[in-house]
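Notes follow once the structure below has been shown.
The values are calculated or read from the model by the stated rules, or taken from the named source; none is laboratory data. Everything quoted here is computed from the prediction, not taken from an experiment. Don't worry about glycine lacking a Cβ; one is built from the backbone with ideal geometry, like all the others, and counts go over all protein chains shown.
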Amino acid sequence: MAHLVAPSILSADFSNLQADCALINNSDADWYHIDVMDGVYVPNISFGMPIIKAIKPLSTKPFDVHLMIVEPDRYIEDFKKAGADHLTVHYEACTHLHRTLQAIKEAGMKTGVALNPHTPVHLLKDTLSEIDIVCLMSVNPGFGGQSFIENTYRKVSELKEMIISQNTNTLIEIDGGVSDKNAAKLVEHGADVLVAGSFVFGSENPAQTISRLKNL
């Protein structure tokens, strides 16, 4: 399978989200990546259900919603109603991860689990068969524009070995500091989805930058 590209609208122009939605729709991007932050789990606040609901009619591609929040179980149905197609929760925020994954599935969304840079991938061994997407954080979550953490390559390789050994269809997503300097190497190590925010929206030609990431 060719790798996917998911521009992060956290780095889009909030004063003109309609234009950036049109840009993503008309680009080689595969998904929208939408970061939801509560100011508790991470030291930043982004946006929530109202924004997702407002831009859903403007979009033609799946919404990959990444919850950087405490108690994500409380909001699963709300994010489904707002327009999420995939819902990713943080391993570190879920006391009963298996139950959370089942609830996401029952709501009709693909399941995702994010791991912070310090969290080892082997902790997902017993739930991997329930996970559609593992999002490896390659920066510390909370802010865009951070530097890529080099140890991510090793984690991608280790996770890919787990996926192959368990014969699951889990996708490996990389979120944080992705650029043309590391994208090809990430794919070589086994990454399936590249999330890019500031690298895309901070470039002179975002659509062209998305194409470069897509056609490595």
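May I ask you to list the residues in region 58-78 that are assigned to a helix (DSSP H, G or I) and over 20 Å from Ala107 (Cα atoms)?
Leu58
Using the structure shown, decide if Gly177 is at pLDDT below 95 and of a type outside the set (Lys, Arg).
yes
Limited to region 98-123, what total is found for residues that are more than 16 Å from the chain's Cα centre (by Cα) and surrounded by fewer than 21 Cβ atoms within 10 Å (Cβ to Cβ)?
So the count comes out to 13.
In region 185-204, what count of residues is obtained for those that are in contact (Cβ under 8 Å) with a residue 40 or more places away in the chain and assigned to a loop (DSSP other than H, G, I, E, B)?
Qualifying residue count for the region: 4.
Quick one: count up the residues across region 29-52 that are among the polar types (S, T, N, Q) and in contact with a Phe, Trp or Tyr (Cβ under 7 Å, 6 or more places away or on another chain).
1
Let's see how each residue does on (1) under 20 Å from His86 (Cα atoms); (2) polar (S, T, N, Q):
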site: Ser157; (1), (2): no, yes
site: Ser165; (1), (2): no, yes
site: Ser179; (1), (2): no, yes
site: Lys185; (1), (2): no, no
site: Ala191; (1), (2): yes, no
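Which condition number does Leu87 fail, the rest of (1) closer than 20 Å to Asp35 by Cα; (2) loosely packed, with under 15 Cβ neighbours inside 10 Å being met?
(2) is the only condition that Leu87 fails.
Look through region 35-45, keep the residues that are more than 15 Å from the chain's Cα centre (by Cα) and surrounded by 15 or more Cβ atoms within 10 Å (Cβ to Cβ), and return whichever of them is modelled with the lowest pLDDT. It would help to see each step written out before you state the result.
Taking region 35-45 first, the residues more than 15 Å from the chain's Cα centre (by Cα) are 38-45.
Then drop every residue that is not surrounded by 15 or more Cβ atoms within 10 Å (Cβ to Cβ), which leaves 38, 41-42, 44.
Numbers: Asp38: 95, Tyr41: 94, Val42: 93, Asn44: 90.
Out of the qualifying residues, it is Asn44.
Can you tell me how many residues in region 79-92 are assigned to a strand (DSSP E or B) and out of contact with any Gly (no Cβ under 9 Å at 6 or more places or on another chain)?
Of the residues in that region, 1 qualify.
Tell me which residues, restricted to region 167-216, are touching a Phe, Trp or Tyr at 6+ places or on another chain (Cβ under 7 Å) and closer than 20 Å to Met68 by Cα.
Gly176, Gly177, Val178
Counting only residues that are surrounded by fewer than 17 Cβ atoms within 10 Å (Cβ to Cβ) and either assigned to a loop (DSSP other than H, G, I, E, B) or within 15 Å of the chain's Cα centre (by Cα) (or both), how many does region 151-177 have?
Residues meeting the conditions: 4.
Evaluate the following for Thr88: is it polar (S, T, N, Q) and under 24 Å from Gly202 (Cβ atoms)?
Yes; evaluated as a whole, the condition is true for this residue.
Scan region 101-151 for residues that are touching a strand residue (DSSP E or B) at 6+ places or on another chain (Cβ under 6 Å) and either of a type in the set (S, T, N, Q) or modelled with pLDDT under 95 (or both) and jot them down.
Listed by number, the residues that qualify are Asn116, Ser138, Pro141.
Any idea which residue in region 124-150 is surrounded by the fewest Cβ atoms within 10 Å (Cβ to Cβ), counting only those that are in a strand (DSSP E or B) and out of contact with any Lys or Arg (no Cβ under 9 Å at 6 or more places or on another chain)?
Among them, the one singled out is Met137.
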